[in-house]
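The values are calculated or read from the model by the stated rules, or taken from the named source; none is laboratory data. Here the structure is a predicted model, which means the values were calculated and not measured. For neighbour counting, all protein chains shown are included, and Cβ atoms are generated from backbone atoms with ideal geometry for every residue, glycine included.
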Amino acid sequence: MAPVEAIAGLLSATTGVEAVLLDAHGRRCASARRPSTASPCTGCAGALDALADDLGRPLPAATRVTLGSDWVATALRERRGLTRVAVIRAGGPLTGAVPPLWTWPAALRGAISAGATIVDGGAEYDGRSATPLDVEAVLRFLDAVSDLAEAVAVVGVFSPIAADDELAVAELVHRELGPAVPVSLGHEIGSLGLLERENATALNAALVGPARVLAAALLAVLEERGIRAEPFLTQNDGSAMVLEHAARYPGRMLGNGPALAMNGAMWMSGVADGVVADDDGVRTDIGVLAGGVLREEPDDITETAGVRTTMRRPQVLRLAGGAAPGAARPAALRDALDRSGVLRGQATVVAIGTGAQDVAAGLADMEGIDVVVPADAGVAGAIGAARASVAGQVEVFCEHEGQGAEAAIARARRAAIHAGADPERVHVVEVEQMPLGYLVAPALRIRARAEGPCI
């Protein structure tokens, strides 16, 4: 594989497209901003062409492009181009009180549902089989939805502990509906909670269509410009993944913009512990960095498009203060930041975005607060995309610490490699072990994260 000559980072959002070009050593060569467009293709094309103009020559063929985009999130918000999903829950006969998708907003459920069923199966909390999987019921359901289902979401009770029934159903789906039908598996998407994991799995399956549109658009743009290096899309923790991985786990792209911007702020400023304020002139997103890592939501359960899910995401506070007009904006931003309490115990604020100077003006005379505005504050998100590593994060549930931790680490390494990390340079960056006191037998939840540079 030819070495990468340059690295382009793009962040496409409703407020505009920002782009940056780094050389192979991470030094900035060019940057640009362009208005947003309705098409991911034209937005990316305009940003790359603007980089070439700023550089003074065409981008090298060996330019690695990493794109962060709100295309998938917009498709979900507008219920546009979503994939029709059939949901199979292996959890009968004891989980029928709340059917799949029952708690969803009616409009979203109507936009994605190709049918849902509950069949006997699933596991006990200790991994033992709860009841044999009802294969015949699965086959009858697949026959009934074969003309409508474009993807299938499979969720088994306690599948993060024992995923055998989910894997068996996936084999039946590919045998009956064809190997090209996307299958989202609950044990790969969420945590223990059944309904929230089921919701996250169904949402993931519904977003396969928009993710494929985005990936195809990016490939077309690069081909037109003779760029041959493998491209990447970004996840909501600011890490990167190859297009094939993104098409399998599109739910991980939701909310990737704030993480990219705040990771970019860290790279540019060198501040690993502090507050990041990303202001685009209309709104201000606030995040907290601790040890160079953007703080996550404290709860496993989050809400996405009105649906309770187990999709983890960064903890970002969105302030309305940025909407104040003219000279009133700095004061409004200061008041909003002060009331939110996010500045308590913090000494440094990194201001980024096109409104970074307004944030700095609003906080200039606050005692004990040092405000940093990086030189390239307006393209922090693009820098975050360009500098993104590839990551894999998994959860393992087990009775004992030793083998469980080893299994989690091995799976995290495999996940990072599958997402596009260099296998020779993947390393484990986090192993977190949490006792699960609400189960009858002592058990652990082990979360492991591995990272590595793009191939």
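Mind listing whichever residues of the range 253-272 are farther than 21 Å from THR14 by Cα and surrounded by 24 or more Cβ atoms within 10 Å (Cβ to Cβ)?
Correct list: MET266 only.
With VAL213, VAL157 as the choices, which residue is in contact with a helix residue (DSSP H, G or I) (Cβ under 9 Å, 6 or more places away or on another chain) and within 23 Å of LEU82 (Cβ to Cβ)?
Matching residue, one of VAL213, VAL157: VAL213.
Could you tell me whether the range 56-71 includes any residue that is part of a helix (DSSP H, G or I) and either at positive phi or at pLDDT below 95 (or both)?
Yes; the residues of the range 56-71 include at least one that is part of a helix (DSSP H, G or I) and either at positive phi or at pLDDT below 95 (or both).
Look through the range 77-111, keep the residues that are touching a Lys or Arg at 6+ places or on another chain (Cβ under 8 Å) and in a loop (DSSP other than H, G, I, E, B), and return whichever of them is surrounded by the most Cβ atoms within 10 Å (Cβ to Cβ).
Of everything passing the filter in the range 77-111, PRO100 is surrounded by the most Cβ atoms within 10 Å (Cβ to Cβ).
Which ones in the range 271-316 are free of Cβ contacts under 8 Å to residues at least 12 places away in the same chain and part of a strand (DSSP E or B)?
Within the range 271-316, VAL293, THR302, GLU303 meet the criteria.
What do you reckon, is ARG212 surrounded by fewer than 21 Cβ atoms within 10 Å (Cβ to Cβ) and basic (Lys, Arg)? Outline the logic, then answer.
Numbers: surrounded by fewer than 21 Cβ atoms within 10 Å (Cβ to Cβ): yes; basic (Lys, Arg): yes.
Answer is yes for this residue.
Could you check the range 248-302 and list, in sequence order, the residues that are acidic (Asp, Glu) and within 24 Å of THR201 (Cα to Cα)?
Within the range 248-302, GLU296, GLU297, ASP299, ASP300 meet the criteria.
For GLY26, which of the numbered conditions (1) in a helix (DSSP H, G or I); (2) farther than 16 Å from ARG228 by Cα fails to hold?
(1)
Tell me, please, whether a residue that is surrounded by 16 or more Cβ atoms within 10 Å (Cβ to Cβ), out of contact with any helix residue (DSSP H, G or I) (no Cβ under 7 Å at 6 or more places or on another chain) and over 15 Å from GLY257 (Cα atoms) can be found in the range 3-17.
We begin by selecting, within the range 3-17, every residue surrounded by 16 or more Cβ atoms within 10 Å (Cβ to Cβ); these are 4, 6-13, 15-17.
Still in the list and also out of contact with any helix residue (DSSP H, G or I) (no Cβ under 7 Å at 6 or more places or on another chain): 4, 6, 15-16.
Next cut, over 15 Å from GLY257 (Cα atoms) only: 4, 6.
Yes, that holds for at least one residue.
Residues are listed down the side, and each one gets a yes or a no for (1) in contact with a helix residue (DSSP H, G or I) (Cβ under 7 Å, 6 or more places away or on another chain); (2) over 26 Å from LEU148 (Cα atoms); (3) not small (Gly, Ala, Ser):
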site: GLY43; (1), (2), (3): no, yes, no
site: ARG57; (1), (2), (3): no, yes, yes
site: ALA75; (1), (2), (3): yes, no, no
site: ARG79; (1), (2), (3): yes, no, yes
site: VAL85; (1), (2), (3): yes, no, yes
site: GLY92; (1), (2), (3): no, no, no
site: SER129; (1), (2), (3): no, yes, no
site: PRO132; (1), (2), (3): no, yes, yes
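Test ASN236 against the stated conditions and say whether it is of a type in the set (S, T, N, Q), under 15 Å from the mean Cα position of the chain (by Cα), under 30 Å from VAL152 (Cβ atoms) and not in a strand (DSSP E or B). Even if it seems obvious, please write down each step before you answer.
Numbers: of a type in the set (S, T, N, Q): yes; under 15 Å from the mean Cα position of the chain (by Cα): yes; under 30 Å from VAL152 (Cβ atoms): yes; not in a strand (DSSP E or B): yes.
So ASN236 passes the test.
So, of the residues in the range 216-252 that are more than 21 Å from ALA52 (Cβ to Cβ) and free of Cβ contacts under 8 Å to residues at least 12 places away in the same chain, which turns out to be surrounded by the most Cβ atoms within 10 Å (Cβ to Cβ)?
ALA216
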